[in-house]
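The values are calculated or read from the model by the stated rules, or taken from the named source; none is laboratory data. Please read all numbers here as calculations on a predicted model, not as lab measurements. As a convention, Cβ positions derive from the backbone with ideal geometry for all residues, glycine included, and neighbour counts pool all protein chains shown.
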Amino acid sequence: MTTNTPKSIIVIFGATGDLANRKLYPSIYRLYRNGKITEDFAVVGVARRPLTNDQFRENVKTSISHFEEDDLDHDTFADHFHYHPFDVQDISHYQSLNNLLNHLDEKHHTEGNRIFYLAMAPNFFGTIATNLKEQGLTTTDGWSRLVIEKPFGHDFESAQELNNQIRHAFTEDQIYRIDHYLGKEMVQNIEVIRFANALFEPLWNNQHISNIQITSSEELGVEDRGGYYESSGALRDMFQNHMLQMLALLAMEPPIKLTPDEIRSEKVKVLRALKPINEEDVGEYFVRGQYDRGIVKGEEQISYREAKGVDPESNTETFVSGKLMIDNFRWAGVPFYIRTGKRMKQKSTEIVVQFKDLPMNLYYENGEQIHPNLLVIHIQPNEGIELHLNAKKGDYGTTSTPIMLNYNNNGQDKMNTPEAYEVLLYDCMRGDSTNFTHWNEVALSWKFVDVISRAWENNKAEDFPNYESGSNGPKHSDGLLAKDGFHWWDVSK
């Protein structure tokens with residue numbers, strides 16, 4: 001792993017797209033502003049659109065215009081950006097791109113280090129990777145890395161086919177599959193909370209934890225992405241990657257060392273230990289939903305089936321909740337409940353760890369059970385940690401009342417807090433693959449999810465749409481927990 005200040009050329013395929021403008025250029029700027037990268041870098045934008053360098057640089061400056069730095073000239077930053085009109089199927093374009101990269105290597109002293117970032121639709125990933133290799137763009141005195149956005153395949157077979165194509169040109173340790181949730185500060189804090197606190201790790205097992213809940217809800221609907229979402233759905237868009245990655249971090253064994261290989265090894269063990277389910281049993285462990293009309297923040301919203309590009313009789317789910325069991329010594333008998341959905345009550349991603357009740361309730365009021373201890377990790381939009389405990393009420397009795405110990409990260413200067421893409425880009429430049437997904441993780445995730453996909457594709461949902469926009473999802477999702485004696489915790493700040 002490279003530890004010195006990184007020097008590299010970043011080649012962004014899809015340089016005129018939304019991801020590049022909203023996330024990548026501001027992230028590179030923040031790295032530059034914070035001194036994480038020096039003047040020894042260049043960015044080459046690649047796309048079909050016929051732009052000049054000056055036009056491209058104006059686009060870049062527009063994307064960072066909300067940064068107002070008195071001592072940093074946006075023009076000086078933008079001078080590191082170069083544009084190359086490109087047809088991914090034209091071999092001559094790769095050759096001319098290689099000539100440009102060789103020139104920029106000398107100009108910016110980047111020592112042949114190259115990142116190829118595929119910020120575009122995945123149907124050309126294999127073609128691009130193969131041509132980069134065959135046309136010599138990866139043959140330099142430095143290193144070459146390939147960054148790939150999700151979705152990585154549509155199911156296990158397509159993911160395996162894509163992986164085989166890419167692996168002809170790049171080795172596994174050169175491939176960086178981005179899951180931007182793994183760049184979020186509080187997701188990365190999961191490991192620190194677990195492995196740096198004597199308070200938690202001895203209790204992190206089925207002897208002391210009754211259940212763990214992972215929720216990622218959005219207020220937004222599919223907006224103008226209806227065509228894409230019809231082929232994806234919440235199961236593939238969120239559950240297969242983000243949600244299972246958070247579950248793996250929560251359930252993994254302590255790694256021998258905090259190295260990429262050791263951490264990945266433990267995450268893979270969790271995914272291997274997921275209790276398999278048969279197609280006929282999917283309805284017992286998973287609930288799907290699709291949003292209807294409703295009110296969100298005082299405004300009426302259309303249903304999913306009314307969105308542009310969506311089949312009026314669509315069977316695509318916009319909500320998924322599930323009960324997952326991990327068949328290993330640490331977690332046997334502990335349910336992991338996961339839910340994610342669009343057009344829900346609020347935007348929130350959080351983890352709730354519910355600890356088991358004491359064997360005897362000494363403090364009670366009207367015969368009610370005391371409030372369980374909870375550890376809550378708020379990931380977005382709020383960031384922080386809460387510990388829910390019980391303490392004596394401020395009266396003459398002996399009853400208890402819930403109290404909360406709270407660490408709120410939102411009170412810090414957010415301008416100095418690295419965002420997910422900034423963190424992941426910097427990790428990639430340094431050669432640290434810890435927070436990127438390995439092929440083994442992708443493969444195991446798809447194999448688990450494909451069973452659910454087949455069950456839902458073979459059985460059309462008869463009750464769609466089945467939850468109002470602005471709600472917490474379909475009522476059946478509550479029943480998933482109720483039959484185990486639990487309920488969803490609504491602990492958002």
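Okay, here's what the table says:
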item	result
Count of region 67-94 residues which are within 30 Å of residue 35 (Cβ to Cβ), free of Cβ contacts under 8 Å to residues at least 12 places away in the same chain and not in a helix (DSSP H, G or I)	4
Residue ranges of helices (runs of 4 or more DSSP H) in region 151-263 with at least 3 members among the aliphatic types (A, V, I, L, M) and more than 17 Å from the chain's Cα centre (by Cα)	156-167
Candidate set: region 62-80, residues that are surrounded by 12 or more Cβ atoms within 10 Å (Cβ to Cβ) and either over 31 Å from the mean Cα position of the chain (by Cα) or among the hydrophobic types (A, V, I, L, M, F, W, C) (or both); chosen: the one nearest to residue 27 (Cα to Cα)	64
Meets criteria (among the polar types (S, T, N, Q), closer than 24 Å to residue 126 by Cα, crowded, with 17+ Cβ neighbours inside 10 Å and not assigned by TED's automatic domain parsing to the domain that holds residue 430) for residue 59	no
Inter-residue pairs, beta-carbon under 9 Å, first in the same structural domain as residue 322 (by TED's automatic domain parsing) and within 16 Å of residue 282 (Cβ to Cβ) and in region 453-478, second surrounded by fewer than 19 Cβ atoms within 10 Å (Cβ to Cβ) and of a type in the set (Ser, Thr, Tyr), 6+ apart	none
Only listed residue being modelled with pLDDT of 95 or more, among the acidic types (Asp, Glu) and buried (at least 22 other Cβ atoms within 10 Å of the Cβ), chosen from 279, 317	317
Set 235, 220, 249: member being over 21 Å from residue 468 (Cα atoms), of a type in the set (A, V, I, L, M, F, W, C) and either in contact (Cβ under 8 Å) with a residue 24 or more places away in the chain or outside the structural domain of residue 457 (by TED's automatic domain parsing) (or both)	249
All positions within region 429-477 that are assigned to a helix (DSSP H, G or I), crowded, with 18+ Cβ neighbours inside 10 Å and of a type in the set (Val, Ile, Thr)	442, 449, 452
Leading residue by the ranking (surrounded by the most Cβ atoms within 10 Å (Cβ to Cβ)) among those in region 292-314 that are part of a strand (DSSP E or B) and aliphatic (A, V, I, L, M)	296
Subset of region 144-190 (residues that are charged (D, E, K, R) and surrounded by fewer than 18 Cβ atoms within 10 Å (Cβ to Cβ))	155, 157, 161, 167, 172, 173, 185
Pair list, Cβ < 6 Å and 6+ apart or interchain, from region 194-210 residues that are of a type in the set (A, V, I, L, M) to residues that are part of a loop (DSSP other than H, G, I, E, B)	209/334
Sole residue being basic (Lys, Arg) and modelled with pLDDT of 95 or more, chosen from 447, 493, 414	447
Restricting region 368-391 to residues that are in contact with a Lys or Arg (Cβ under 9 Å, 6 or more places away or on another chain) and not in a loop (DSSP other than H, G, I, E, B), the residue that is farthest from residue 420 (Cα to Cα)	386
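Listed here are the residues, each with its yes/no results for (1) touching a helix residue (DSSP H, G or I) at 6+ places or on another chain (Cβ under 6 Å); (2) assigned to a loop (DSSP other than H, G, I, E, B); (3) farther than 25 Å from residue 179 by Cβ.
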| position | (1), (2), (3) |
| --- | --- |
| 10 | no, no, no |
| 19 | no, no, no |
| 24 | no, no, no |
| 27 | yes, no, no |
| 38 | no, yes, yes |
| 50 | no, yes, yes |
| 54 | no, no, yes |
| 60 | yes, no, yes |
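The rows are residues; the columns are (1) part of a helix (DSSP H, G or I); (2) surrounded by fewer than 21 Cβ atoms within 10 Å (Cβ to Cβ); (3) in contact with a Lys or Arg (Cβ under 6 Å, 6 or more places away or on another chain); (4) without any contact (Cβ under 8 Å) to a residue 60 or more places away in the chain.
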| position | (1), (2), (3), (4) |
| --- | --- |
| 96 | yes, yes, no, yes |
| 111 | no, yes, yes, no |
| 126 | yes, yes, no, yes |
| 142 | no, yes, no, no |
